[in-house]
Amino acid sequence: MGLGIVSGRGIFKGGRGDEGWRHENGDLPPFLEMTFKFGSWNVNSRDLKGGHVDLLRRVDCDVLVLQEATKDFHAELTALPLFEWSVSSLTLRPAKPKEKRARHLGCSIFVAGKRGQATLVAAQ
């Protein structure tokens, strides 16, 4: 079905570079280290089917991004107990009635917040 999955770790901090993030003594603040599973899927304007839901349950993503998703696909996936939070570009900027088919497809982000792990680690 073309669902790409990446598992990995990342170290995150806000801001650009280290400017403004150093303590008065010159030390960097702690970083947030996260372990998560990320999935990306171009659903190609499909309808959500049982096989899609089974696949998503099997891969168990912490973060899932969809491309070319219809508002119905997004709404149906949101109604399932797989993710705690989601947003669709079609909610942020709905298609206008006379716009072409491509404007009725959007991108969605789904997050399963309860499964991610985060640990505070010292900067080196």
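The values are calculated or read from the model by the stated rules, or taken from the named source; none is laboratory data. Computed from a predicted structure; not experimentally measured. Neighbour counts run over all protein chains shown; Cβ positions are idealised from the backbone, glycine included.
Please go through the stretch 75-103 and give me each residue that is surrounded by 14 or more Cβ atoms within 10 Å (Cβ to Cβ), at pLDDT 90 or above and touching a helix residue (DSSP H, G or I) at 6+ places or on another chain (Cβ under 7 Å), ordered by number.
Within the stretch 75-103, Leu82, Ser86, Ser88, Leu90 qualify.
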Open item on the list: Just to be sure I understand the filter: pairs with C-beta atoms under 6 Å, separated by 6 or more residues or on different chains, first member in the stretch 82-95 and outside any loop (DSSP other than H, G, I, E, B), second member hydroxyl-bearing (Ser, Thr, Tyr). Which pairs pass?
Closed with: Ser86/Thr78; Ser88/Ser108
- [ ] Name every residue in the stretch 59-73 that is under 14 Å from Asn42 (Cα atoms), within 13 Å of the chain's Cα centre (by Cα) and either modelled with pLDDT under 90 or surrounded by 18 or more Cβ atoms within 10 Å (Cβ to Cβ) (or both), in order of residue number.
- [x] Leu64, Leu66
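Looking at the stretch 48-74, which of its residues are assigned to a helix (DSSP H, G or I) and of a type outside the set (Val, Ile, Thr)? Before you say what the answer is, go through the steps one by one.
Going residue by residue through the stretch 48-74, those that are assigned to a helix (DSSP H, G or I) are 50-59, 71-74.
Selection gives Gly50, Gly51, His52, Asp54, Leu55, Leu56, Arg57, Arg58, Lys71, Asp72, Phe73, His74.
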